[in-house]
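Enquirer: Dropping a structure here in structure tokens format, bear with me for questions.
The values are calculated or read from the model by the stated rules, or taken from the named source; none is laboratory data. Being a predicted model, the structure only gives us computed values, none of them experimental. Please note: Cβ atoms are built from the backbone with ideal geometry, for glycine as well, and neighbour counts cover all protein chains shown.
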Amino acid sequence: MPQPFLYVAITNHGFGHATRMASVVAEIQRLCPEVLVALATTSPRWLLDSYLQQDFIHRHAVLDVGVIQQDSLVMDRAATLEKLNQLRSQEKHLVTGEANFIQQNRMSLVLADIPPLAATIARAAEVPCWMISNFGWDFIYRDWGGEFDEIANWIAERFGQCDQLFRLPFHEPMSCFPNHHRCRLNRRLTPLPARRTP
């Protein structure tokens, strides 16, 4: 039987998503030390190393944009829109490359926090996609209106391809995800009974 191999996609905005997913991966590795892990993110290696005791593949991948900021407080909407449009124009190339990587390495699951392209990549690779978060980028961009409405719709379509969302506490509705598991607020992700959204 081949060694289990997990593809973990982490949003590139800040360190919060990276530290959350690194904590999840550390627990997976503790419970199932035989699982190999590839982390697809631009998060720095030193940050991931500070959470993970076992080896992993650090795959530099830009799978989303998040929000471009001028400094720690000021968001740059124009730069964010420009980067999002670049990402959209590269979608086919990115999806094909990452799906090939997943298939060539016989990975069995995409776990993501919360790049929308992760679900599209998983579908192209013919593996399930599970996501973990308390918000989606469509929720952030939709509030900005104008040209971001089209971006929010594009993202919502990709999130709609996700097989399972582990929805964390203090969440927005996340209605574009077809299947939710609500997670309790504690130190481990403990799923509550599944609920299918209408």
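Enquirer: Just one of the numbered conditions (1) touching a Lys or Arg at 6+ places or on another chain (Cβ under 9 Å); (2) among the charged types (D, E, K, R); (3) closer than 17 Å to Gly14 by Cα is not true of Glu98; which one?
Expert: Of everything listed in (1) touching a Lys or Arg at 6+ places or on another chain (Cβ under 9 Å); (2) among the charged types (D, E, K, R); (3) closer than 17 Å to Gly14 by Cα, Glu98 misses just condition (3).
Enquirer: I've got another one for you. List the helices (runs of 4 or more DSSP H) inside region 30-117, counting only whole elements, that have at least 2 residues being among the small types (Gly, Ala, Ser) and closer than 17 Å to Arg158 by Cβ.
Expert: 91-104
Enquirer: Restricting to region 142-155, name every residue that is crowded, with 19+ Cβ neighbours inside 10 Å and either assigned to a strand (DSSP E or B) or in contact (Cβ under 8 Å) with a residue 24 or more places away in the chain (or both).
Expert: Of region 142-155, the ones crowded, with 19+ Cβ neighbours inside 10 Å are 148, 151-152, 155.
Those that are crowded, with 19+ Cβ neighbours inside 10 Å and either assigned to a strand (DSSP E or B) or in contact (Cβ under 8 Å) with a residue 24 or more places away in the chain (or both): Phe148, Ile151, Ile155.
Enquirer: I've got another one for you. Name every residue in region 46-84 that is in contact (Cβ under 8 Å) with a residue 12 or more places away in the chain, of a type in the set (S, T, N, Q) and closer than 20 Å to Ile114 by Cβ, in order of residue number.
Expert: Thr80
Enquirer: Mind checking which residues of region 114-158 are among the acidic types (Asp, Glu) and within 16 Å of the chain's Cα centre (by Cα)?
Expert: Once the filter is applied, which keeps residues that are among the acidic types (Asp, Glu) and within 16 Å of the chain's Cα centre (by Cα), region 114-158 yields Asp138, Glu157.
Enquirer: Can you tell me which residue among Glu157, Glu126, Glu172, Glu147 is acidic (Asp, Glu) and at positive phi?
Expert: Result: Glu126 is the single residue among Glu157, Glu126, Glu172, Glu147 that is acidic (Asp, Glu) and at positive phi.
Residue by residue, here is whether (1) modelled with pLDDT under 95; (2) of a type in the set (Lys, Arg) holds:
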residue	(1), (2)
Pro4	yes, no
Tyr7	no, no
Ala38	no, no
Arg45	no, yes
His58	no, no
